Structure formats: structure tokens, C-alpha cells
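Novice: Right, I'll just put the structure down here and ask away after.
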Amino acid sequence: MHGKQPAVSLRNISKSFGPIQANNDVSLDIYRGEVLALLGENGSGKTTLMNMLSGIYYPDTGQILMDGKPVSIGSPKDAFDHGVGMIHQHFKLVNVFTATENIVLGLKDEGGFDLKAAAAKVKKICDDYGFDVDPNQKVYDMSVSQKQTVEIVKLLYRGAEILILDEPTAVLTPQETDKLFAVLRNMRDDGKTIVIITHKLTEVKELSDRVVVLRKGEYVGEMVTAEATTQEMTNMMVGRQVTLNIDRPDPEMKYRMERIRVKNLTIKNREGVTKLDNVSFSAYTGEILGIAGISGSGQKELLEAIAGLQTVESGSIEYNVDNEQVEQLIGMDPLKIAGMGVVLSFVPEDRLGMGLVGSMDLTDNMMLRSFRNGLSPLTDRKEPRHLAELVVDELEVNTPGVDTPVSKLSGGNVQKVLVGREIAAAPTVLLSAYAVRGLDVNSSYLIYDLLNRQKGNGVAVIYVGEDLDVLLELCDRILVLCGGKVSGIVDGRTTTKNEVGLMMTKLGGGEER
Amino acid sequence: MIHVVKRKEMPFAQAMAIRFGIIAIALTVCGVITALTTGLNPIAVYGTMIQGSFGSPRKVWILLQEVALLLCVSLALTPAFRMKFWNLGGEGQVLAGGLASAACMILLGDKVPNAVLILLMFVTSLAAGALWAAIPAFFKAKFNTNETLFTLMMNYVATQLVAFFVIVWENPKGSGTVGIINQSSEAGWLPVIAGNKYMLIVILVALLTAGMYVYLNYSKQGYELSVVGESPSTARYVGIKVSGVIVRTLIISGAICGFAGMLLVGGSAHTLTTSIAAGRGFTAVMVAWLAKFNPAVMVGSSFLLEFMGYGAGEIATTYGLNQSFGDILTGIILFFIIGTEFFITYRIVFSHKERGVVEE
């Protein structure tokens, strides 16, 4: 394979955003007819690098060669002219248009539009590669995986030869992932070149021919996938030896008690759409209850309802102070809940939009929950400052100091600040939503460790996650949501990925349609 | 091809050096334009501008008082702006305060002791300004109406209200104005301290500046309103009542505008007209933005704007130029100052498209 001329060569590419060096002197080759995995932790510059190939960004320095000739890609249209197309994590489709309309959108054909011919061409592409999409279906009727398919067909329709997919499986169930991989293999066999950006090693192993690893914006090496082990790839990605097992201590059964009892909880959003439908479950002290589900299945609403941030249609959420005293959390706001002496910590999904204030420094963020303490009308920043220093110290937050605005920190460090603050309150209930999203391997393991320590302290931990492998390794029990309903609650120690995957797509699991 | 690239963080000293350098360049450009369009010696023109503001102790005191009044309105808008509530109703809130003060002076001028009268003026003007700001705040908090349009429209209502009362209190009849209120008794006129009638306003606003600085940066309420401004969902998440904070902050904002109205009517003009706010409600928006909502820096930015205004007036009379010429110079200087911020945050990179290689 390496004897051939590369289809694309990146030569000494560098790109920085303000003080952040996203890519530094990266050189790599992409060959025709291969699946190349671009592997690296979040923030290692994978997406930035590919954005330069697809015309979203322009390199600060360096050169891009196509078939050996230098080219300048200044816009996505330039990229298309060179046969390069990229599928971003956030799809760019018009909801009220059909698949075909979205696919031809923006094309400048001579004469009038012939949507029928276009639909036929779309149909042919789908049949050739085994895509499951109806050309006349409206986008708002589609599942996430179908929308992704439309994006891929859109590129093929425009004659793309090199397709870049940015974390394509992040929003898919295991079954949908298998389907996607099958069509990607078909495309490769047809001579297309595919680059997938990912940090999931299982996917690299399963799909790619070759893997290029980036770390901290720099090229660190490449391997032929078939000849590399998962451990080797991890070590290269992280830069040192790591263990890949997550601890799961057994819950302390002696003190185990029901802490949160949710009964028949139903929530509608502002538009009147039911987000949670008759959900009932309990969370116990000293255990981690995982919540699995395709994103948007009601996870956010569930956590926010417990935290007192969500208007509830019907049902009840009870908090057991001890076996005699029970408090109702519905109709309470966060302040009233705290006023009842319930220490409920919440690590929300949107860290900078909800958990923290991006423009404020670490100290000011530490006092978000505690600033009301004391009678003085003035704030006391001594305690929060002390806490900030403590969190920076203990969780190894990488920051110039406690006076740095949190928005200047990287995703992992932002999360450490947030989790650090929430845990410092010594909670009895800890809610966390996608606690390791966007975090590198080290930070993720640190977070798992912190959650386990809370569990050991008898805290009822509720962990909403998206990576099934992690849920299966970390959680004692897993509640699976499907379209706002409870599809089932399974034992984390005995269940399988396949079982949970099926339950995510279909109530109660069962055979695939 | 030209690319705009974000800079690495610039050291404060360097950024300040650039800002002062830019002002020097702006003055040079203004000088060139002055020389080209009017044929006058720019140095002499600048000299005249300085004369206009600092030519005599009286001019200095008038300038200081005007700076104080503009600063007062700017300070009023700042808490709202920090909360990202774009209160463009400063003009109307000042008028409401001024109207309340004038009402007290005219209706109660000879009925209550002066100290009581001034106290009443103080209370009613603050209340009137607060009310004028609280109405749009309430609708924003309750129904998420657009505060920019709402506060702007409240200005026109206030103007019409003042116009109505000017006719009611017309003095002498047929003049179309209220004249100088209580000219003989001086009832409700703010006291002259240390024999200087400008001193009191300057001192009061200086105290207000310090107070506002502490309120915004060190008080719990100041912290709350910053959180609401930066992220309403974070505020809700920690149990801050967003609508309550919006209304409370706007009551403070409006009350200080009302206070400015009282200073104008009771302290400097001693009359009531529809134009008594004189555009300060809008100029204050610029003062606050130029200072990035920092009360200490606002002292400087309100001084700059007032200085330019007086200088412009002086060159207009001295050289027989149109008043607009001064405005042109002010505009050029502001343009440069605002433009600087772009170059402090970004830099521009040129590249050669054909070769696909980027050079800086």
C-alpha cells in the first residue's frame, strides 16, 4: 500500500487559536481505498486537522498536497472540488426538507431542478452501498442514524472520493454502529477513502486499516491496525502505560437504604412533548445507578427534576432522610432543597452553560453555591479561594492559577473544577450527566475514581452515561431509558452490551426489528 | 488571502501602550483632516479645545460637573449592563426623576422646611426613576419581552409626560416653560457647599462611583447579577431567582437615573424641560461600554467624552466652524479607540494562495 502515491499529504501543518496550539507540525499521508483512523484524546487536534482538509479552517503554516500537487483549500467548496467531504458531529440538514432535497441543496445544475432524477440517483447510491434511507422521507421524521446516512449520501452524491467522519458513532446505538461500519466497508471496497476521527479503540480495531495517533496537537506515530494491540494504541495515545480497567467495589450492604424514590414521574417540555413517561425507580445509598439511553431519551429531564430545576407534570420524587422522615422534592427549587438540609450535588451535562460561569475565575465559581453564607451583604472570597486551591491541588487541575477564567481551561480541567466543587459539599446524592464527555483517558479515570469514592462514602450516585463499555464496568445497576420510558433496570455485573443496546432502542429489549 | 487570527493573550502593559499609541495616531489623523478641510493650524485647534475645557477655573468646574452628571447616568446603567439587560431607557428614567423633583419643588416649595423638601425630592425622584425602569424589567422577567425596545419606548412616554407638566406648571403663563423654579426662595435647591455651587454634585457622584464599584465587585447582589448576566441557567441551577434579580437590579439602575434627574433639576438647572437629560441616557451607554462596565475606568471615559464635547463647542465659536466639525473629531477618535480592541484581540495574516503555503 505504501508504495503508491498518497491521495492526500499533509505537510508540517500548524494551527493555533490564540494561546492554544491545536496542531503543531503535523505531517501524514492518506492513501486511496483505505480506512484511516485518526486516533487521539479529546483536545488532541484531530478535528482541527481534518477541518483544515475540508476547508473549515486554514492552516497557519504548512502545506496540503493532493496527488502530489500543492493545493489551497480555503472553503468547503474548494474541498469538494478536490473530492473531499466531511461529516461533522452536528448535522447540517434542513428539517422540513426530504432526504433528496437536502442532498441536492446548494448544487448548481444547469437548467431546472429534476427532483425525480435526483431521487433516483440517491436511491441508486443507497442500493449500491446498502444505505437504509428513503429519498422522500422528511428529515424531522428521521432517527439520528438516518440523518447521518443522509449526510454521507450527500457527500457521495457530490462525487466525494475522500470522506471524513468526525466521531460518527457518538450518537449511535451498538446496532446502528454495526450497520454504519458495514456500509463504510462497502464504500472502501468501492475504492473510496475514509478517515474516521475517534477516541474509541474498539472502533479503530474493528474498522480501520491503518491508524494515525495524535497527542497534544502533534503526530506521535502510526500503525497498521491488524498488527497493533489495543494496549499499544492506548499507550501511544496517552503517552504512557495505562491500565484499562475501571474499579467496581461491591456496595456496602449493611448500611444500604433507599435514598431517592421516583414514582410515576411524567414530564412534558414547553411544547407539550412528553419527555419522561411514567418513570419509577429507586436509587440506593452506596451504589452507582447508571442511566443508559440514546441521547435525548429523557436523561436530562430526569436529573433536572430531581435537582428541582424542572416542572413536573405528575408523579413524585421522595428523598429519604432516614427510614422515618421522607421529603417530597417535587415543587422545590434548588434553594429550598438545600434549605431542607438535603445536600444534593449535580454535575450537569452543560458544564459551562449550567454548572459554571465561563467568564468567572475558579474562586468565583467555587462560591456559586455558597456565596449566600453569612449575614454580611458583601461576599467572602477567602473560603472559596481556599477551596479552589484545594481542588486544583487534589484533582491536579491544570491552570495558571485560581484567578483564571474557567472558560480558558480545557474540557477535562473544567470538569474537574465542577466535580470538585460538587463533591466538596459532601453530598448525600450525586447526580452526574455525561461526566467524562470530552475528557482524556487520565481525567476520565480520575472521575471514575472520585465517583467510586463517593459511593464508598455512602452517597447515592446517579451516573448518566453514553459509553456502554463504561456503564457496564462502573455501575452497580443500570436503568435503561427508551423514548422517555423505563425500558428496564439491569444488574451491571451480569448484563451484556447487546442486551442494554437492544433495550435502548426497543422497550424491554427483545429481538431487533 | 487574508485571515483573521486570534492573538495570544496580550500583557496588560502592552495593551495599554497600544491604546495610548492609537489615541496619539487618532489625534494626528484629526489634525491632518483639520488642516486639509479648514486650513487651520491643528496645533492651535487642539490648544483651543483645551482652552474650552480648562481655560478658567469656572470652565474647569463646569466640566467637572458635567463629567459627574454623565458619570452618574453611566453608573446607573452599569449594573443592568453587567446583567446583559440593555437598558437604553436612561433618558426616560432621568426625566422621570427630574419630573418628580420639580413636582416637589413646585407643589411643596413654600409649604415644608427646605430639609424636608430636599429629602422628599430625593425619595420621590429615586422612586420615579426606579418605577420607570421596573416596568420593562417586570415584563422582561415575566414574559421575556425585548428590553431594548421597551426601555427605548419608555423614553418617549417620559418626554411626553414632562411636556404635559411643563404646560401645567407654565411660569409665567404663555412662556411655554416653567422658568427657574423657586427663583427667589431657592426652595429645593441643593445646598452650595464650600462656596462652590458645583462641588456638591461632584462629591456625591464620586461617592456613588466608589459605592457602585464595591457593589458590583464585592457584594452578594453584585455577584448574583453577574451570574445572571453570564448564564441564566447557571443562576437557576444554584437557586438564584433570575426574575427577582432582574427586577431588583433595574430598580437600582432606574433609581440612580432618577437621582441624576434630581441633581439636574435641584442641583444645576433649577428648571424642567423635555431636553433636560440632554442625551446623557445614550451617551452613558457609550461611556459604560468604552470602560467595559468598570466604574473606575468610566471616570476616564466620561471625562474624555465631555472634554471632546466642550472642546468642539469652543473651536466652533473661536474659528466660526460648524459645531458638527467637533463631532467629526470626536467620531474619529472614538472610531480609533473602538477599532483598537479588535487589533488587541486579533491579528491579520496574509497568505499566498497559489502556493498553498502560508507566510506571516
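The values are calculated or read from the model by the stated rules, or taken from the named source; none is laboratory data. Everything numeric in this text was worked out from a predicted model, so none of it was measured. Positions of Cβ are backbone-derived with ideal geometry, glycine not excepted, and every protein chain shown enters the neighbour counts. In case anyone asks, the SASA skips ligands and DNA or RNA and just uses the protein heavy atoms, side chains included. Shrake-Rupley method; radii C 1.70, N 1.55, O 1.52, S 1.80 Å.
Novice: Quickly estimate the mean residue ellipticity at 222 nm for chain B, helices only: each DSSP H run with n ≥ 4 gives -39500 (n - 2.57), and the total goes over all residues, rounded to 500.
Specialist: Only helices count here, giving -24000 deg cm²/dmol.
Novice: A further question follows. Enumerate by residue number the trypsin sites (Lys or Arg not before Pro) in the stretch A:49-150 meeting two conditions: DSSP loop (anything except H, G, I, E, B), and at most 16 other Cβ atoms within 10 Å of the site's Cβ.
Specialist: A:Lys92, A:Lys108
Novice: Enter the angle in degrees (range 0 to 90, nearest 10) between the Cα long axis of helix A:382-394 and the first principal axis of the Cα atoms of chain A, meaning the one along which they spread out most.
Specialist: Between helix and principal axis, roughly 50 degrees.
Novice: I've got another one for you. Could the peptides A:148-156, A:169-177 be put in order, highest first, of the mean number of other beta-carbon atoms found within 10 Å of their residues?
Specialist: Ranking the peptides A:148-156, A:169-177 by packing returns A:148-156, A:169-177.
Novice: Please check chain A for the longest run free of chymotrypsin sites (Phe, Trp or Tyr not before Pro) that are loop-located per DSSP (anything but H, G, I, E, B) and have at most 13 other Cβ atoms within 10 Å.
Specialist: A:256-513
Novice: Please work out the FRET efficiency for the pair A:Asp190 and A:Lys4, using the Cβ-Cβ distance as r and a Förster radius of 22 Å; give the result to the nearest 0.05.
Specialist: 0.80
Novice: So for the pair A:Gln241, A:Arg437, with labels modelled 7 Å out along Cα→Cβ, what separation do we get in nm?
Specialist: It works out to 3.5 nm between the two label points.
Novice: Same structure again: Pairs A:Lys275/A:Lys506; A:Lys455/A:Lys497; A:Lys116/A:Lys154: which exceed 19 Å Cα-Cα?
Specialist: In this structure, A:Lys455/A:Lys497 lie more than 19 Å apart at Cα.
Novice: Using 0.36 nm times the number of residues separating A:Val326 and A:Lys124, minus their current alpha carbon distance, what extension gain do you get?
Specialist: Contour length minus the Cα-Cα distance gives 66.5 nm.
Novice: Okay, next question. Can you pull a Stokes-Einstein diffusion coefficient for chain A at 37 °C (0.692 mPa s), Rh from Kirkwood over Cα pairs, as a whole number of µm²/s?
Specialist: 132
Novice: Let me spell out the model: positive unit charges on the Cβ of Lys and Arg, negative unit charges on the Cβ of Asp and Glu, origin at the Cα centre of the protein assembly as shown. What dipole size does that give, in debye rounded to 20?
Specialist: It works out to roughly 1840 debye.
Novice: At a Förster distance of 30 Å, what's the computed FRET efficiency of B:Ala13 paired with A:Ser359, Cβ-Cβ distance as r, to 0.05?
Specialist: 0.85
Novice: If you average 1/r over every pair of different alpha-carbon atoms in chain B and take one over that average, what Kirkwood value in Å do you get?
Specialist: Result for chain B stands at 22.4 Å.
Novice: Shifting gears a bit: Put +1 on the Cβ of each Lys and Arg and -1 on the Cβ of each Asp and Glu in the protein assembly as shown; which of B:Gly254, A:Ser443, A:Gly341 then has its Cα farthest toward the positive end of the dipole?
Specialist: Going by the Cα projections, it comes out as B:Gly254.
Novice: With a point put 7 Å past each Cα toward its Cβ, work out how far A:Asp449 is from A:Gln137 in nm, to one decimal.
Specialist: 4.5
Novice: Ok, one more. Need the C-alpha centroid separation for the stretch A:99-177 versus the stretch A:36-72, integer Å.
Specialist: The two parts, judged by their Cα centres, are 24 Å apart.
Novice: What nm value, rounded to one decimal, do you get for the distance between B:Val214 and A:Met340 when each label is placed 7 Å out toward the C-beta?
Specialist: Roughly 3.9 nm, to one decimal.
Novice: Right, another one. Enumerate by residue number the trypsin sites (Lys or Arg not before Pro) in the stretch B:152-253 meeting two conditions: DSSP loop (anything except H, G, I, E, B), and at most 11 other Cβ atoms within 10 Å of the site's Cβ.
Specialist: Here the trypsin sites (Lys or Arg not before Pro) that fit, given the DSSP loop and packing criteria, are B:Lys173.
Novice: On a C-alpha basis, how far is the centre of the stretch A:238-275 from the centre of the stretch B:201-250 in Å? Whole number, if you could?
Specialist: One Cα centre to the other: 37 Å.
Novice: What is the mean number of Cβ atoms from other protein chains located within 10 Å of the Cβ atom of each residue in peptide A:48-60, rounded to a whole number?
Specialist: 1
Novice: If you don't mind, another one. Using the beta-carbon distance between A:Thr230 and B:Thr345 and R0 = 56 Å, what value does 1/(1 + (r/R0)^6) give for FRET efficiency, to the nearest 0.05?
Specialist: Between A:Thr230 and B:Thr345 the formula returns 0.85.
Novice: So what's the angle, to the nearest 10 degrees on a 0 to 90 scale, between helix A:174-189 and the longest Cα principal axis of chain A?
Specialist: Approximately 20 degrees, to the nearest 10.
Novice: Using a 1.4 angstrom probe and counting only protein chains, how large is the accessible area of A:Asp393 in Å², to 10?
Specialist: Accessible area, nearest 10 Å²: 120 Å².
Novice: Hey, another quick one. What average number of partner chain Cβ atoms lie no more than 10 Å from the Cβ of the residues making up A:368-378?
Specialist: Mean number of neighbouring Cβ atoms from other chains: 4.
Novice: Here's something else I'd like to know. With the alpha-carbon atoms as the only input, what is the per residue convex hull volume for the protein assembly as shown in Å³?
Specialist: Expressed per residue, the convex hull around the Cα atoms of the protein assembly as shown is 226 Å³.
Novice: A further question follows. In degrees between 0 and 90, to the nearest 10, how far off the longest principal axis of chain B does helix B:114-143 point, with axes built from Cα atoms?
Specialist: 50
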